[in-house]
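Undergrad: Would you mind keeping the following structure in view while I ask a few things?
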Amino acid sequence: MSGTTWVYIMLGIYIVYCFYWGLRGYFTEKTAAGYAIAGRSIPFFAFLLASTAASFSGWTFVSHPGAIYLSGLAYAFASFYVLTIPITGAFFGKRTWLMGKRYGFVTPGDMYAYYYNNEAVRFLVVATAFLYATFYSALQLTAAGALFHHVTGQPAAFGAIFMGFIVWFYICTGGLKASTWVGVIQFILLVSGIVILGAYVLHEFGGWTEFSAQMATLEARYLEVPSIINFTVGERAWTGVMILSYMFALMGIQSSPAFTMWTFGIKDPKPLAWQHVFMSTFIVGFALFFFTAFQGMGAIMLQKAGILEFASDRDVVPILMKTYLPPFMLGVVFIGAIAAMHSTAAPYIGTGGSILLRDIWWRYVRKQQCSDREQIWVNRLFATIITIAALAVGLTSTAVLVMLGGLATAFGFVMYVLLSGTLWGLRWPSIGSVLGVLSGMVAVFITYRIYPEPLTIHCAAWGTGVGLLVAYACRFLGFRDNEETIQRQQEVRGWLDRVDEPSESGKKWRKAMKVLVPLWYLFAIGPACLIGNKAFSFAGFPPLWSWQLVWWILGIIMMWALCFKAEMSTTNEEQIRQANSETMIVVKEN
Amino acid sequence: LGIAINANRTTLQPAISRKGGQMKKEDRYLILVIGFIIGWITMMGMGVLG
């Protein structure tokens, strides 16, 4: 059978699995919360795999090897997002869940609006969620369409609409639970696909020894980080500070409204630590630090040897797939790529629809008087609108799409302003939270579009930096909250700090981590990573790749210490009991 | 012996054992994972992957 036949066979099996979970949810989810946040009952195993798949989008699968092909090992530092994406979950995940349980929040807007006693912040979060969902999903669906075109020869637009239809169907029918259970198989396909393609590329060279020998002949620009910082505007160079600030942008994935809402949906926080340390930092890290790098670095050498010709970085993965994979494997890897794209698009479309429903329709249009049935159907309608909007944007304006896709994660990182205030008590007045987020979003836009990346610092860092500065400025300029807001925040702080108080051992670990985490950032992905250009080398890896591997291993240990030992992501039965019994519901469900 | 009462927990839990007792699940997994990675890199260096 040909590769294309296997692609269609695999696609057929995948569609059956997706539609099964969609239809199962359609017949069982009868409440608004059941549909929107899976009735707060997403089990350990499902969240573990699905949230990992959602964190690493189709971009990881298709564009990451392409970017390594363009910039070499300096760009391969981006693989550290296997750690920096889940570290956001370590900072905020458990406390988000505790807040959802106690106060009954359904959307992130509920949480921020309650804590700051301010509805303006809700609208800012809705706007962020809508933009994020539309543009990030557009990116995924058009990439899926392009891959479908490369592999089957069908028009890319048809592919994007077809892929959009699959994801739309299982989200609209089954809600968040269906999206999560489909995410389980998507995670397995995503990791398998990356490993298989990387292994075949390595095989093409005759193995690691030959691959390594050829790599040693590459120019320095592919094997070194160029500098710490460039005093320029508008230059995209992978300097030390660009690598660091780019990692900040990707930290925005798990602070996005979609992930906050997903965290409300889990049964208990037990999967969080395991997701952060082992599923993400170790398993996805293993795929990226070895097999994605084989693809990207292999593509450079294959082009230099005149064996393959890539018109652009976007062609790298599709051409490697078509050239080196046998028919059956082509089907498996193709589905891996599609699964990667769907696994990201689905939760964003699903939660985007739910946020529009709850924060706009239910709260303002229907004045909090609306049956479960109506909420579910309007939720489906909003999810449909976001899917259509994503396809419309994706199929009509590619240039704008790439820009706004990049903006999405930066906007997600700006949510750090609200999360750190709400969950960890960083203090600024209510008006500071609104102006902070607003100015952060404006700063992101300016440093992305008008004066791109000044000092080779990514717009996400500029945005959140400005956001925090403005929020604190409001405090020091003398803005004060009213008595009701102050009392409300004191009650939240008191409860969170009491229930989530670490043990004596945990406190010691937290103290140590306040020094060790910044040190890790400085050396692994910060300006000090330049030392790695010539520091040491082992097992045939060039110095910079060796540096990355060592800091990845240290990163796994750091995440283990942070999540388990410092108790940032662990919980115990008493804590869960308190969260379940000490409820103070402030949000109606219908 | 071998049982520690954590002030924040209402149930008795086996102590993590710094002195030869039972290790926690996450500690065992960490050792396994680090061992796997170092073993994998060593095998690559020894030419097991060609």
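The values are calculated or read from the model by the stated rules, or taken from the named source; none is laboratory data. Keep in mind the model is a prediction, meaning the values are calculated, not measured. Positions of Cβ are generated from backbone atoms using ideal geometry, with glycine treated the same way; all protein chains shown enter the neighbour counts.
Undergrad: Does residue A:425 count as surrounded by 23 or more Cβ atoms within 10 Å (Cβ to Cβ) and in contact with a helix residue (DSSP H, G or I) (Cβ under 6 Å, 6 or more places away or on another chain)?
TA: Considered against the rule, which asks whether it is surrounded by 23 or more Cβ atoms within 10 Å (Cβ to Cβ) and in contact with a helix residue (DSSP H, G or I) (Cβ under 6 Å, 6 or more places away or on another chain), residue A:425 comes out as no.
Undergrad: Can we say residue A:57 is touching a Lys or Arg at 6+ places or on another chain (Cβ under 7 Å) and among the polar types (S, T, N, Q)?
TA: Considered against the rule, which asks whether it is touching a Lys or Arg at 6+ places or on another chain (Cβ under 7 Å) and among the polar types (S, T, N, Q), residue A:57 comes out as no.
Undergrad: (1) over 24 Å from the mean Cα position of the chain (by Cα); (2) in contact (Cβ under 8 Å) with a residue 12 or more places away in the chain; (3) more than 14 Å from chain B (Cβ to nearest Cβ); (4) under 29 Å from residue A:568 (Cβ atoms): which one isn't true of residue A:490, the others all being true?
TA: (2)
Undergrad: List the helices (runs of 4 or more DSSP H) inside region A:245-349, counting only whole elements, that have at least 1 residues being within 14 Å of another protein chain (Cβ to nearest Cβ) and either free of Cβ contacts under 8 Å to residues at least 24 places away in the same chain or touching a strand residue (DSSP E or B) at 6+ places or on another chain (Cβ under 9 Å) (or both).
TA: Qualifying helices (runs of 4 or more DSSP H): A:270-274.
Undergrad: Kindly establish whether residue A:200 is hydroxyl-bearing (Ser, Thr, Tyr), under 17 Å from the mean Cα position of the chain (by Cα) and under 21 Å from residue A:63 (Cα atoms).
TA: No, not satisfied.
Undergrad: For region A:375-426, give me each residue that is at pLDDT 90 or above and not in a helix (DSSP H, G or I).
TA: Across region A:375-426, the qualifying residues are A:415, A:425, A:426.
Undergrad: Scan region B:20-35 and report the pairs whose first residue is surrounded by 15 or more Cβ atoms within 10 Å (Cβ to Cβ) and whose second residue is at pLDDT 95 or above, with Cβ atoms within less than 6 Å and a gap of 6+ or a chain change.
TA: Close Cβ pairs (under 6 Å, with a partner that is at pLDDT 95 or above) amount to B:26/A:564; B:30/A:560; B:33/A:282.
Undergrad: Looking at the structure I just gave you, is residue A:183 in a helix (DSSP H, G or I), touching a residue at least 40 places away in the same chain (Cβ under 8 Å) and at positive phi?
TA: Answer is no for this residue.
Undergrad: In addition: May I ask you to say which residue of A:209, A:180 is polar (S, T, N, Q) and within 14 Å of chain B (Cβ to nearest Cβ)?
TA: Being polar (S, T, N, Q) and within 14 Å of chain B (Cβ to nearest Cβ) holds for just one of A:209, A:180, which is A:209.
Undergrad: Would you confirm whether or not region A:471-486 contains a residue that is within 14 Å of another protein chain (Cβ to nearest Cβ), in a helix (DSSP H, G or I) and of a type in the set (A, V, I, L, M, F, W, C)?
TA: no
Undergrad: Taking residue A:562, is it more than 14 Å from every other protein chain (Cβ to nearest Cβ) and aliphatic (A, V, I, L, M)?
TA: Here the answer is no, as residue A:562 does not meet what is asked.
Undergrad: May I ask you to list the residues in region A:493-518 that are farther than 21 Å from residue A:98 by Cβ and touching a residue at least 24 places away in the same chain (Cβ under 8 Å)?
TA: A:512, A:516, A:517
Undergrad: Are any of the residues in region B:18-39 facing chain A (nearest Cβ under 10 Å), modelled with pLDDT of 70 or more, assigned to a loop (DSSP other than H, G, I, E, B) and in contact with a helix residue (DSSP H, G or I) (Cβ under 9 Å, 6 or more places away or on another chain)?
TA: Within region B:18-39 (the criterion being facing chain A (nearest Cβ under 10 Å), modelled with pLDDT of 70 or more, assigned to a loop (DSSP other than H, G, I, E, B) and in contact with a helix residue (DSSP H, G or I) (Cβ under 9 Å, 6 or more places away or on another chain)), the answer is yes, since at least one residue qualifies.
Undergrad: Further question: Within region A:429-461, track down each residue that is in a helix (DSSP H, G or I), in contact (Cβ under 8 Å) with a residue 60 or more places away in the chain, within 25 Å of the chain's Cα centre (by Cα) and over 20 Å from residue A:115 (Cα atoms).
TA: A:441, A:454, A:456, A:459, A:460, A:461
Undergrad: Kindly indicate which of A:133, A:138 is under 25 Å from residue A:379 (Cα atoms), in contact with a Leu (Cβ under 7 Å, 6 or more places away or on another chain) and aliphatic (A, V, I, L, M).
TA: Of the residues listed, the single one that is under 25 Å from residue A:379 (Cα atoms), in contact with a Leu (Cβ under 7 Å, 6 or more places away or on another chain) and aliphatic (A, V, I, L, M) is A:138.
Undergrad: Inspect region A:308-317 for any residue being within 26 Å of residue A:124 (Cα to Cα), more than 19 Å from the chain's Cα centre (by Cα) and crowded, with 24+ Cβ neighbours inside 10 Å and give the result as yes or no.
TA: Checking region A:308-317: not a single residue is within 26 Å of residue A:124 (Cα to Cα), more than 19 Å from the chain's Cα centre (by Cα) and crowded, with 24+ Cβ neighbours inside 10 Å.
Undergrad: Additional query: Can you tell me which residue is nearest to the other protein chains (Cβ to nearest Cβ) among those in region A:493-511 that are touching a Leu at 6+ places or on another chain (Cβ under 9 Å) and assigned to a helix (DSSP H, G or I)?
TA: A:499
Undergrad: Turning to a different aspect of this structure: For region A:535-553, indicate whether the set of residues that are within 12 Å of another protein chain (Cβ to nearest Cβ), in contact with a Lys or Arg (Cβ under 6 Å, 6 or more places away or on another chain) and free of Cβ contacts under 8 Å to residues at least 12 places away in the same chain is non-empty.
TA: Among the residues of region A:535-553, not one is within 12 Å of another protein chain (Cβ to nearest Cβ), in contact with a Lys or Arg (Cβ under 6 Å, 6 or more places away or on another chain) and free of Cβ contacts under 8 Å to residues at least 12 places away in the same chain, which makes the answer no.
Undergrad: Right, another one. If you check A:105, A:135, A:148, which single one turns out to be modelled with pLDDT of 90 or more and assigned to a helix (DSSP H, G or I)?
TA: Values: A:105 fails: assigned to a helix (DSSP H, G or I); A:135 fails: modelled with pLDDT of 90 or more.
None of the other options fit; the residue is A:148.
Undergrad: Among the residues of region A:217-238, which ones are within 28 Å of the chain's Cα centre (by Cα), under 14 Å from residue A:72 (Cβ atoms) and β-branched (Val, Ile, Thr)?
TA: Matches in region A:217-238: A:225 only.
Undergrad: Right, here's the next one. Could you list, in sequence order, the residues of region A:363-397 that are under 15 Å from residue A:140 (Cβ atoms), touching a Leu at 6+ places or on another chain (Cβ under 8 Å) and not β-branched (Val, Ile, Thr)?
TA: A:390, A:391, A:394 - these are the residues of region A:363-397 that are under 15 Å from residue A:140 (Cβ atoms), touching a Leu at 6+ places or on another chain (Cβ under 8 Å) and not β-branched (Val, Ile, Thr).
Undergrad: Determine if region A:397-407 includes at least one residue that is among the hydroxyl-bearing types (Ser, Thr, Tyr) and over 20 Å from residue A:148 (Cα atoms).
TA: No, region A:397-407 contains no residue that is among the hydroxyl-bearing types (Ser, Thr, Tyr) and over 20 Å from residue A:148 (Cα atoms).
Undergrad: Picking from A:516, A:522, which residue would you name as being closer than 15 Å to residue A:562 by Cα, away from chain B (no Cβ under 14 Å) and surrounded by fewer than 18 Cβ atoms within 10 Å (Cβ to Cβ)? Outline the logic, then answer.
TA: Working: A:522 fails: closer than 15 Å to residue A:562 by Cα.
When all the criteria are applied, what remains is A:516.
Undergrad: Go through region A:561-582 and give me each residue that's surrounded by fewer than 19 Cβ atoms within 10 Å (Cβ to Cβ) and of a type outside the set (D, E, K, R).
TA: A:572, A:576, A:578, A:580, A:581, listed by residue number.
Undergrad: Which one of A:124, A:83 is closer than 24 Å to residue A:558 by Cβ and touching a residue at least 60 places away in the same chain (Cβ under 8 Å)?
TA: The match here is A:83.
Undergrad: Every residue in region A:435-447 that is farther than 17 Å from residue A:458 by Cα and either surrounded by fewer than 23 Cβ atoms within 10 Å (Cβ to Cβ) or of a type in the set (Ser, Thr, Tyr) (or both), please.
TA: Hits for region A:435-447 are A:435, A:438.
Undergrad: Among the residues of region A:189-201, is there at least one that is touching a Gly at 6+ places or on another chain (Cβ under 7 Å) and within 14 Å of chain B (Cβ to nearest Cβ)?
TA: Yes - at least one qualifying residue is present in region A:189-201.
Undergrad: Quickly run through region A:565-587 and pick out the residues that are within 9 Å of another protein chain (Cβ to nearest Cβ) and more than 18 Å from residue B:28 (Cα to Cα).
TA: Of everything in region A:565-587, those that are within 9 Å of another protein chain (Cβ to nearest Cβ) and more than 18 Å from residue B:28 (Cα to Cα) turn out to be A:572, A:573, A:574, A:575, A:577.
Undergrad: Sticking with this one: For region A:1-63, give me every one of the helices (runs of 4 or more DSSP H) that falls completely inside it and has 3 or more residues that are farther than 19 Å from residue A:97 by Cβ. First the steps, then the outcome.
TA: Values: elements: A:3-28, A:32-37, A:44-55.
Those helices (runs of 4 or more DSSP H) span A:3-28.
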